[in-house]
1. Going 7 Å from the Cα of Phe145 in the Cα-to-Cβ direction, what parts of region 6-23 have a backbone nitrogen less than 20 Å from that spot?
2. Please give, to one decimal in nm, the separation of the simple spin-label points placed at Ser42 and Thr121, each 7 Å out from Cα toward the Cβ.
3. Figure the gain on full extension for Glu102 and Asn23 (residue separation times 0.36 nm, minus the Cα-Cα span) and round it to one decimal in nm.
4. How would Phe144, Phe127 line up by accessible area, probe 1.4 Å, largest first?
5. Alpha carbons only, please: Rg and Dmax for region 71-115, in angstrom.
6. Please provide three numbers in whole Å: the alpha-carbon extents of region 8-136 along the principal axes, with the largest listed first.
7. What pairs in Lys50/Lys91; Lys7/Lys75; Lys26/Lys125; Lys21/Lys50; Lys2/Lys113; Lys24/Lys113 have C-alpha atoms more than 22 Å from each other?
8. If we sort 16-25, 114-123 on the protection proxy, mean other Cβ atoms within 10 Å, highest first, what's the order?
Amino acid sequence: MKLIEIKIVHQNVQELLNYCKRNKIKNLHLNLGLLSNLEILSKEVELINKCTDPELIELEDNAESAGKKEDYDFKLSVALLSKEDKESYDKLRAVYDESMQENRNVVLEVIDKKQLVQAVTVDDKNFIIPIELGVDESAVLSFFFDAKNWEKKEVSKSDIKADKTKKKK
């Protein structure tokens with residue numbers, strides 16, 4: 001997985017766990033799978049954050065605090081930085097964005113969609129029904145049904161040659 005994908009999936013898992021909590025979805029397989037993946041992804045995000053240039057973090061914090069005073073969004077807050085800080089931020093952000101395209105081999109827990117059921121009692125009768133999730137939540141969860149979604153992709157020789165050709169131009 002690319003580092004940026006790790007951060008995105010981490011955020012999506014957090015949101016999915018919050019959704020399950022809000023909607024009182026209690027399925028041991030689902031909750032354990034999501035919690036295991038959250039733990040794995042949290043460790044990866046922590047490593048990514050430790051490797052982020054402290055100057056970039058400081059510039060973003062300065063922009064954020066200036067934006068809070070003026071009630072702007074983050075992009076407008078960056079524009080409030082001094083010219084030197086803005087140039088420094090742009091350079092550091094470009095390096096950060098490029099580094100976020102690097103691949104990292106992450107092994108996540110597969111969630112078996114056949115086990116995503118819950119018991120419901122209607123008129124003193126128990127029924128086993130599939131867990132109902134929203135469209136967005138189902139899309140996020142489907143990522144964990146197949147390990148191929150996050151397997152490290154092997155780079156072919158033709159891809160390497162194409163990459164070298166692009167760099168020469």
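1. Residues passing the 20 Å test: 9-10, 12-17, 19-20.
2. 3.3
3. On the way: separation 79, 0.36 × 79 = 28.44 nm, distance 3.61 nm.
Additional length available on full extension: 24.8 nm.
4. Values: Phe144 0, Phe127 95 Å².
Heavy-atom accessible area, descending, gives Phe127, Phe144.
5. 18.7, 56
6. If we take the Cα atoms of region 8-136, the spans are 69, 37, 20 Å.
7. Details: Lys50/Lys91 19 Å; Lys7/Lys75 20 Å; Lys26/Lys125 19 Å; Lys21/Lys50 30 Å; Lys2/Lys113 25 Å; Lys24/Lys113 18 Å.
In this structure, Lys21/Lys50; Lys2/Lys113 exceed 22 Å between Cα atoms.
8. Working: 16-25: 14.3, 114-123: 11.0.
With the highest mean Cβ count within 10 Å placed first, the list reads 16-25, 114-123.
The values are calculated or read from the model by the stated rules, or taken from the named source; none is laboratory data. Note that this is a predicted model, so its numbers are computed, not measured. All Cβ positions, even for glycine, are placed from backbone atoms using ideal geometry, and neighbour counts span all protein chains on display. When the accessible area is computed, the model is the full protein with side chains, heavy atoms only, and any ligands, DNA or RNA have been set aside. Shrake-Rupley method; radii C 1.70, N 1.55, O 1.52, S 1.80 Å.
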